[in-house]
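The values are calculated or read from the model by the stated rules, or taken from the named source; none is laboratory data. Computed from a predicted model, the values in this text were never measured in an experiment. Every residue, glycine as well, gets a Cβ built from its backbone with ideal geometry; the counts of neighbours run over all protein chains shown.
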Amino acid sequence: MLEPVTMRLCNNAIFSFIFLVSALTLGGRQAPSQQAPAPSSQAPSLTVDRDPVRSPDAEQPPSLSGQPLHKEGEGYILHTEVEEVILNATVLDGTKLVQDLKKEDFQVFEDGVKQNIIAFQHTDLPVSIALVVDNSGSMSKKRPSVNKSALDLVEASNPQDEAFVVNFSDEAFIDQEFTSELNKLREGLGHIESRGGTALYDAVVASADKLVADAKRPKQVLVIITDGEDNASTLTLEQTIRRVQQLSGPVIYSIGLLFGDEMSRSEVRHARRALEMLSAETGGIAFFPRNIEQVDEIAAEVARDIRSQYTLGYHSTKPTSEPGFRRVQVTAEQQGKAKLNVRTRTGYFPATRVVKRPAPAKK
């Protein structure tokens, strides 16, 4: 098993989001225009089938965007409810996956306070996957091997999984919408126009937004394959992590192809740090193969990791009205085993969801 390296990010600052307004252009493969940022604009968008798709407003929960809290007179009323906090957790004994734990073997803490686990599941749940692949100029010779590994990952996953393909350079494009058909995913990955810079952070945010908006599966994964440092995004690394946490977004797995002589030591260090942080903060894992041949082995390991996770659910003891980031820790113990390592997202921002219920019948 290849050993990943992960890092923790201390979320103790409030970051101000400034996003570009994406130009809507019909016809032609047009990317969002590079206009001056405005405080009220939206998050980076993806170009889908030659038409841009806007991301939800980054400054409020997507489930509440544009929705009234109460609406009457049309046969239903909209209520707000506190969402159950869902955690996908991988448990390791050293480097070996542990797959025989029970609910009582786990403990969940939020900001140091023990929580009551109300939901527990350990089955091979189908997932929605975003394949986010670097299409910059330096990737041209690597893409055939990368594409094969990405397809092998999907093929090794649950047959009911769905995936979409995002190719990005200095802009991000969806070259295949959600599908379970390998041939369609192969065609999407085959859309190679290796050119331009690397707008990784913008691609991650737009892909996470799309997963929240369009995915059919509640469990969501984002797989990044890149060979360079971000040099073209409108967002920072910290803004990107915060946005994914605000969405209670996908688990991010990163594969950094940082070998070779194309990058300086400083660039490699910065690129590695970014991928480690994106993965660690969301409960995923970052891999750094020594050569292109190792990517296929890593893809198989990612598929195993996804299919072996536990799903835990709880309602926070804190009121939803209390703002701010909530740090989460999960521990697991089993008699006769050494200390187990649990990997899950480091925390979340509280949000409410709008629930549509029938209005009372008029008398």
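Computed values, structure above
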read-out: Only one of L125, L153 that is surrounded by 17 or more Cβ atoms within 10 Å (Cβ to Cβ), of a type outside the set (F, W, Y), more than 30 Å from A338 (Cα to Cα) and within 21 Å of the chain's Cα centre (by Cα); value: L153
read-out: Number of positions in segment 205-227 that are touching a Leu at 6+ places or on another chain (Cβ under 8 Å) and among the small types (G, A, S); value: 3
read-out: Exclusive hit being under 25 Å from A89 (Cα atoms), among the charged types (D, E, K, R) and in contact with a helix residue (DSSP H, G or I) (Cβ under 8 Å, 6 or more places away or on another chain), set D175, D214, D230, D209; value: D209
read-out: Conditions (1) within 23 Å of G228 (Cβ to Cβ); (2) surrounded by 18 or more Cβ atoms within 10 Å (Cβ to Cβ): number failed by P144; value: (2)
read-out: Residues that are part of a helix (DSSP H, G or I), closer than 19 Å to T90 by Cα and more than 14 Å from the chain's Cα centre (by Cα), drawn from segment 267-301; value: E297, I298, A299, A300, E301
read-out: Residue list for segment 215-241, restricted to those being in contact (Cβ under 8 Å) with a residue 40 or more places away in the chain and in a helix (DSSP H, G or I); value: L237, E238, Q239, I241
read-out: Filter result (within 18 Å of N291 (Cα to Cα) and not in a loop (DSSP other than H, G, I, E, B)) within segment 254-266; value: S254, I255, G256, R265
read-out: Some residue of segment 276-295 being closer than 26 Å to V127 by Cα and surrounded by fewer than 20 Cβ atoms within 10 Å (Cβ to Cβ); value: yes
read-out: From L46, L101, L69, residue being modelled with pLDDT under 50 and hydrophobic (A, V, I, L, M, F, W, C); value: L69
read-out: All positions within segment 297-356 that are more than 18 Å from I285 (Cα to Cα) and of a type in the set (A, V, I, L, M); value: L312, A332, A338, A351, V354, V355
read-out: Residue count for segment 162-175, restricted to those that are more than 21 Å from T198 (Cβ to Cβ) and buried (at least 24 other Cβ atoms within 10 Å of the Cβ); value: 1
